[in-house]
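Undergrad: Sharing a structure here in structure tokens format.
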């Protein structure tokens, strides 16, 4: 299920459980807001909204057994990728029993950064009685539409070619686009955001820098890769945002490798990868710099680095360590 399908079923009613996973964190946060606003009566959030970021048997069971107060529903949000390693089988059984009952007194939503194993019992139960929603990064045109929407929320207008320029410059990650647009609308004096406003503010293309960074990694040019990384950090790029785009680039290359083995044409490759057509030749060339096993290993290292960043590890140091490992 995608975000659009999630919105459609949410407009019709509630399900006992949800799983949200994927790269597009902005839309995951939007989905959580929509669920919370629909489930919980206004003014009762403090009593009926529980966030669990370090799961254990006690806090999971307690959250399931707590009844709503001055509201028809409670909302339990579990944001712990390792939950199934931390809780015992009895707790998993209790969660599944609650889900299978169809009871929405306490609605549960699980958020995962990485892809989930849908063969596990709990996910089979959620797939049958609830909803599993995959939040992939948007395609280029969809991201352009969001860029226009973000600008309009600040009371300004923007022409489509200018919105396209923003997305070409910073990539399709919506939080990245939103952060750039905040800077652009603050800089822009007029009612309309012009191309010159964008060029003045978006001095360095994040997406282009990431592409160059991955190219340097593919050519094992460690000094060049570290230089590009430091340049991005000096431009006050968020370490998590940088890592997200590096990981996304490797995912695209992994997928491109598989698709190119099938000898499909460039148009089909562009559609399957969800990238602008003008990037297809660059992706084909970049994919030739890596063996498949190196791409898979690079992605695993990115996932490990993400955990380090989320554990209050020094972001800049973690990224530099990642680049050195990828180059050697």
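Undergrad: Could you check, for the stretch 157-175, whether at least one of its residues is buried (at least 19 other Cβ atoms within 10 Å of the Cβ), within 18 Å of the chain's Cα centre (by Cα) and at positive phi?
TA: Yes, the conditions are met somewhere in the stretch 157-175.
Undergrad: Just the residues that are over 18 Å from residue 232 (Cα atoms) and either part of a helix (DSSP H, G or I) or at pLDDT 90 or above (or both), please, taken from the stretch 311-325. Spell out how you get there, then give the answer.
TA: Filtering the stretch 311-325 down to residues over 18 Å from residue 232 (Cα atoms) leaves 311-313, 325.
Of everything in the stretch 311-325, just one residue is over 18 Å from residue 232 (Cα atoms) and either part of a helix (DSSP H, G or I) or at pLDDT 90 or above (or both), namely 325.
Undergrad: I'd like to know if the stretch 186-196 contains one or more residues that are buried (at least 17 other Cβ atoms within 10 Å of the Cβ) and over 19 Å from the mean Cα position of the chain (by Cα).
TA: Within the stretch 186-196 (the criterion being buried (at least 17 other Cβ atoms within 10 Å of the Cβ) and over 19 Å from the mean Cα position of the chain (by Cα)), the answer is yes, since at least one residue qualifies.
Undergrad: Another question, if that's okay. Name the residue that is surrounded by the fewest Cβ atoms within 10 Å (Cβ to Cβ), counting only residues in the stretch 1-26 that are in a helix (DSSP H, G or I) and in contact (Cβ under 8 Å) with a residue 60 or more places away in the chain.
TA: Among those that are in a helix (DSSP H, G or I) and in contact (Cβ under 8 Å) with a residue 60 or more places away in the chain, it is 5.
Undergrad: Counting just the residues of the stretch 139-149 that are touching a helix residue (DSSP H, G or I) at 6+ places or on another chain (Cβ under 7 Å) and within 24 Å of residue 21 (Cβ to Cβ), which one comes out modelled with the highest pLDDT?
TA: 146
Undergrad: (1) at pLDDT 90 or above; (2) surrounded by 15 or more Cβ atoms within 10 Å (Cβ to Cβ): which one isn't true of residue 88, the others all being true?
TA: The single condition residue 88 does not satisfy is (2).
Undergrad: Can you go through 185, 214, 202, 193 and tell me which one is in contact with a helix residue (DSSP H, G or I) (Cβ under 6 Å, 6 or more places away or on another chain), over 18 Å from residue 302 (Cα atoms) and modelled with pLDDT of 85 or more?
TA: Numbers: 185 fails: in contact with a helix residue (DSSP H, G or I) (Cβ under 6 Å, 6 or more places away or on another chain); 214 fails: over 18 Å from residue 302 (Cα atoms); 202 fails: modelled with pLDDT of 85 or more.
One residue alone meets the criteria, 193.
Undergrad: Moving on to the next point. Got at least one residue in the stretch 302-310 being surrounded by 14 or more Cβ atoms within 10 Å (Cβ to Cβ), in a loop (DSSP other than H, G, I, E, B), out of contact with any strand residue (DSSP E or B) (no Cβ under 7 Å at 6 or more places or on another chain) and in contact (Cβ under 8 Å) with a residue 24 or more places away in the chain?
TA: Within the stretch 302-310, none of the residues are surrounded by 14 or more Cβ atoms within 10 Å (Cβ to Cβ), in a loop (DSSP other than H, G, I, E, B), out of contact with any strand residue (DSSP E or B) (no Cβ under 7 Å at 6 or more places or on another chain) and in contact (Cβ under 8 Å) with a residue 24 or more places away in the chain.
Undergrad: I've got another one for you. List the number of the failed condition for residue 29; all other conditions in (1) in a helix (DSSP H, G or I); (2) in contact (Cβ under 8 Å) with a residue 24 or more places away in the chain hold.
TA: (2)
Undergrad: Looking at 60, 46, which is the one that is crowded, with 17+ Cβ neighbours inside 10 Å and either on the phi > 0 side of the Ramachandran plot or in a helix (DSSP H, G or I) (or both)?
TA: None of the other options fit; the residue is 60.
Undergrad: Follow-up question, since we're still on this one. Please tell me if residue 275 is not in a helix (DSSP H, G or I) and not assigned by TED's automatic domain parsing to the domain that holds residue 114.
TA: Taking the combined requirement at face value, the residue satisfies it.
Undergrad: Moving on to the next point. Give just the number: which of (1) crowded, with 21+ Cβ neighbours inside 10 Å; (2) within 23 Å of the chain's Cα centre (by Cα) does residue 225 not satisfy?
TA: (2)
Conditions tested, residue by residue: (1) part of a helix (DSSP H, G or I); (2) out of contact with any strand residue (DSSP E or B) (no Cβ under 9 Å at 6 or more places or on another chain); (3) under 26 Å from residue 25 (Cα atoms); (4) not assigned by TED's automatic domain parsing to the domain that holds residue 288.
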position	(1), (2), (3), (4)
214	yes, yes, yes, no
225	yes, yes, no, no
232	yes, yes, yes, no
236	no, yes, yes, no
241	yes, yes, yes, no
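Undergrad: So is residue 263 more than 19 Å from the chain's Cα centre (by Cα), over 15 Å from residue 150 (Cβ atoms) and at pLDDT 90 or above or not?
TA: The answer is no for residue 263.
The values are calculated or read from the model by the stated rules, or taken from the named source; none is laboratory data. All values reported here derive from a predicted model rather than from experimental measurement. Reconstructed Cβ throughout: ideal geometry from the backbone, glycine too, with neighbour counts over all protein chains shown.
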